[in-house]
Each structure stands twice: as structure tokens, then as C-alpha cells.
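The values are calculated or read from the model by the stated rules, or taken from the named source; none is laboratory data. None of these values were measured; they are calculated from a predicted model. Methodologically, a virtual Cβ is constructed for each residue, glycine included, from the backbone with ideal geometry; neighbour enumeration extends over all protein chains shown. Note: areas computed on protein heavy atoms with side chains; ligands, DNA, RNA excluded. Shrake-Rupley method; radii C 1.70, N 1.55, O 1.52, S 1.80 Å.
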Amino acid sequence: MPATKISNKNGPRSISDDISDCISIKSLTDHNISYHVCSSPLNCSKNRSPERKDRDAMEATEGTQQPHLVLANKLFLLTHSDVADIEKVRLRDEVTAAVVADDMAPLYETLTSGSVLKLDQKVLDSMRVKIDEELKKLDEKIADAEENLGESEVREAHLAKSLFYIRIGDKEKALEQLKVTEGKTVAVGQRMDLVFYTLQMGFFYMDFELISRSIDKAKKLFEEGGDWERKNRLKVYEGLYCMSTRNFKKAADLFLDSISTFTTYELFPYDTFIFYTVLASIISLDRVSLKQKVVDAPEILTVIGKIPYLSEFMNSLYDCQYKSFFSAFAGLTEHIKLDRFLYPHFRFYMREIRTVVYSQFLESYKSVTIEAMAKAFGVTVDFIDLELSRFIAAGKLHCKIDKVAGVLETNRPDAKNALYQATIKQGDFLLNRIQKLSRTVTAAFSMQARWLGRAGSATTAAWIMH
């Protein structure tokens with residue numbers, strides 16, 4: 001399978017360059033990294049009915065990613081500034097073939113208007129004709145089912161139309177038709193499947209508002225019932241949403257809960273799931289939890305070796321081998337920058353992981369020379385000095401730099417004292433709220449007592465005041 005290559009315009013870079021905020025990733029061939037992009041064509045066999053083709057495309061089997069999400073990843077790489085031009089030629093051909101194979105006229109118009117693809121009017125007209133013909137057939141089947149068949153057949157006919165709109169990339173009409181299909185659906189499991197179709201569309205378009213609404217809707221459906229398989233699938237969907245919106249802590253918890261029951265192959269392969277789980281966990285869990293849930297997890301150990309640099313990245317951090325950690329980190333940055341879900345948070349993740357590793361190193365010392373720390377990480381003294389000064393100023397590290405002596409002095413806050421101060425602060429806040437509530441209640445009773453007094457009920461008024 002061909003690997004996506006990244007252009008390198010600035011020549012070789014040092015580890016210090018790779019982990020800086022202004023990192024520019026090296027050529028993947030420098031590290032012999034193969035960032036694989038699924039290039040298999042969309043299934044559109046002629047011997048299958050259109051309804052069966054739509055159903056098969058949406059319901060991925062084990063190890064098979066949903067075709068539209070494969071296409072979304074290729075579109076992301078096609079517009080990525082660091083992907084080499086020669087690779088973009090191949091990606092453009094694959095995207096065009098996938099769009100034409102599924103008659104995705106609405107998406108084709110969007111891509112051509114944005115100069116991502118070149119407009120071929122004959123191809124566009126041909127797709128529109130096919131769409132009109134297929135919609136006519138689907139409407140006839142719906143009408144026939146409503147007149148001559150039962151409720152389940154009517155639902156299936158409407159579902160086929162929904163999946164067709166999803167297949168051709170017409171988001172608005174697909175959402176409208178899914179609502180119609182939901183109105184014809186009674187079983188909770190089938191209604192959940194409609195939510196999963198909506199979630200897949202949300203991840204294709206990266207519509208986080210749609211994803212959030214769909215997740216909330218799915219949780220409400222589970223209150224009515226639902227099987228464990230769908231509940232576990234929803235955890236992965238929600239975890240991916242949390243990771244995509246920079247909530248790595250919740251994403252790590254959800255991914256770890258699903259690690260032994262993963263069946264969500266329509267979103268991504270299991271290797272990619274482990275990749276996300278490890279990355280989210282490292283910046284979210286403490287050392288003890290990381291050891292128990294990630295480092296020693298058999299599900300992770302079975303596949304982590306297949307992902308370049310990930311095993312060295314995780315184990316070197318836990319084993320305090322900081323030079324090896326930075327070397328592996330430099331390699332992983334290229335994977336992160338080529339991932340459509342992680343790329344928007346690239347700089348944030350870079351800062352967070354460096355905060356974790358620097359804090360772990362300084363935890364063992366009351367004072368340490370800058371030179372010793374630079375040697376441990378395999379970087380220059382100037383780089384460490386600049387790095388630490390940024391994190392100290394941002395409040396990420398609890399230490400100070402003695403530039404004259406070339407020494408770092410830690411000033412870790414007292415955990416017990418911090419807890420005491422937090423308790424006092426919360427207690428004061430609670431007392432203020434109680435006093436406000438007391439004044440409000442007293443004023444209300446006083447007003448009622450005056451009203452009753454005017455009405456001549458002096459005894460009742462005195463009782464209320466008491």
C-alpha cells in the first residue's frame with residue numbers, strides 16, 4: 001500500500017527543532033515512517049442493488065473503515081500543506097474516482113468550487129442524471145410500500161432513501177430523510193443505528209454541533225433501553241468527539257473503557273484506536289494509572305509494536321529515558337500532524353506532553369543544573385533554558401531558574417496547604433450563598449406578614465414573624 005509522503009523544504013532538523021512550538025515536520029522517509037492511507041476503491045459492485053450497496057457502504061465489517069471517512073481523510077491530506085505534490089496527484093485521482101463512483105454530485109460541486117478538483121461538466125451532468133433516476137425509483141418503492149406492504153417495509157424503503165442521500169453527500173437532505181425514517185421506527189436499537197449514521201456524517205463534515213446533539217440524543221435513547229454493543233460503540237464515538245474538541249482527559253477515560261470491547265471499525269482500525277488511546281492517556285493519567293491501564297494493558301501491548309515510535313514513546317516516558325523519549329516524540333509528531341482529528345490540536349498536544357515530561361523530571365530534584373537536564377534530554381542548554389522559561393511564565397512548571405549559577409530550583413506547592421486553602425475558599429463561598437438565601441427568605445416572610453397585618457389578621461402575622 002502506498003505511503004503518503006511529506007515534503008521537506010528546509011533540510012534535516014534537530015530534535016530541538018522538532019519539538020519546538022514552531023515545529024516543521026521532516027520527510028517521512030527520514031524516519032522510514034509509512035503513514036498509510038486506505039486507497040481501496042469504494043465498493044460499488046454492479047451485481048448489487050443500490051439499496052444493498054448503500055447498506056453495505058454504511059455498515060462496515062470488522063477491520064473495514066466506513067468509505068466516506070476514508071474519503072474524508074484523503075481530502076484532508078489533499079489540502080495539507082506538508083504533503084508532497086506527487087502524493088497529491090495520486091490522492092486527487094483517488095478522490096475523483098471515489099466521488100464519481102458514488103455519484104456524489106453535491107460534494108463534487110463543493111470541491112470544484114473550492115479548486116480542490118477540476119470541474120468536468122459532463123461528469124457532473126451524468127451524476128445528476130443518475131441521482132434523479134435513483135431517487136425516482138426510491139420514491140416509487142416508498143409509495144408501493146405504503147400502499148401494499150407493512151410498516152417494516154415502509155421503514156426499510158425510507159431508510160434506503162436516507163442512505164442514498166448519505167452516499168451522494170447531500171447532508172441536509174440526508175438529515176431530513178433520517179428524521180422521516182426515525183418517525184417510522186419503533187425499536188430503540190434501530191433508532192440508535194440512525195443516530196450512528198448521523199454521527200458518521202458529523203465526523204465526515206467535522207460538524208461538532210451535530211455530533212454533540214446526536215450523542216446527547218443517543219444517551220437519552222439508552223435510558224429507554226439498548227444493548228451493550230451499541231453502548232460500547234457510543235463510547236468510542238464520544239471519545240473521538242472529546243479528543244477532537246481537546247477534552248483529552250474524558251477521551252482517555254472513554255477509550256480505556258472500550259479497549260477490550262472495541263467493535264467500532266467503521267470509524268477507524270484498531271491500531272488507530274490504540275494510537276489515540278495512548279496519546280490521550282499519557283497527558284491525562286498519573287504514573288500509577290498509566291502503568292496499570294496503558295503500559296501493562298495486554299490489549300495495547302499486542303498492537304503497539306505495529307505503530308512506529310509509539311512503544312518507545314510510551315515506555316521511555318515511564319522509564320524516565322528522556323533522550324529516547326524526545327527521539328520517539330520527534331517521529332510521532334509527523335503522525336499527529338497528518339491526522340485529521342489531531343492536527344487542529346497539534347501545538348496544544350506538543351505543549352501538554354512537554355509539560356508532563358518536564359514535570360516528571362523535576363519531581364525528583366529540589367535543585368538541578370540546567371546542563372544536567374539538557375544532557376538528560378539530549379538537547380542544548382539554550383533550548384532547555386528557553387523551553388522552561390516559557391512554561392514557568394505560563395504557570396505550567398513550579399520552579400525558578402538561577403541564570404547566574406545555571407541551576408533550576410523547584411518550588412512545588414504543598415498539596416495539603418493547597419487543599420486547605422481550597423476548602424476555606426469553598427466554605428466562604430457556601431456561607432455567602434446561605435446568607436443571601438436567608439436574607440431573601442426573611443424579606444419574603446416580612447412582606448407576607450405586612451400584607452396579612454393590613455388584612456386584619458394580626459395573630460397570623462405575628463406567628464409568621466416568629
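Summary table below
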| read-out | value |
| --- | --- |
| Accessible surface of region 135-181 [probe 1.4 Å, protein heavy atoms]: carbon and sulfur percent | 48 |
| Inter-probe distance in nm under a simple model that places probes 7 Å from Cα toward Cβ, at Arg390 and Glu147 | 7.0 |
| Distance (nanometres) between label positions extended 7 Å along Cα→Cβ at Ser359 and Leu437 | 3.4 |
| Dimensions in Å of region 232-387 - Rg and Dmax from alpha carbons | 15.9, 51 |
| Net dipole in debye of region 240-354 [+1 Lys, Arg Cβ; -1 Asp, Glu Cβ; about Cα centre; nearest 20] | 460 |
| Probe 1.4 Å, accessible area per residue of region 168-284, Å² | 39 |
| Pair Ile307, Lys403: separation of 7 Å Cα→Cβ label points (nm) | 4.1 |
| Potential extension, Glu224-Lys375 segment - 0.36 nm per residue separation minus Cα distance | 48.5 nm |
| Pairwise FRET efficiency - Thr79 versus Glu133, Cβ, R0 = 22 Å, nearest 0.05 | 0.10 |
| Segments 322-334, 359-371 sorted - mean Cβ within 10 Å per residue, highest first | 322-334, 359-371 |
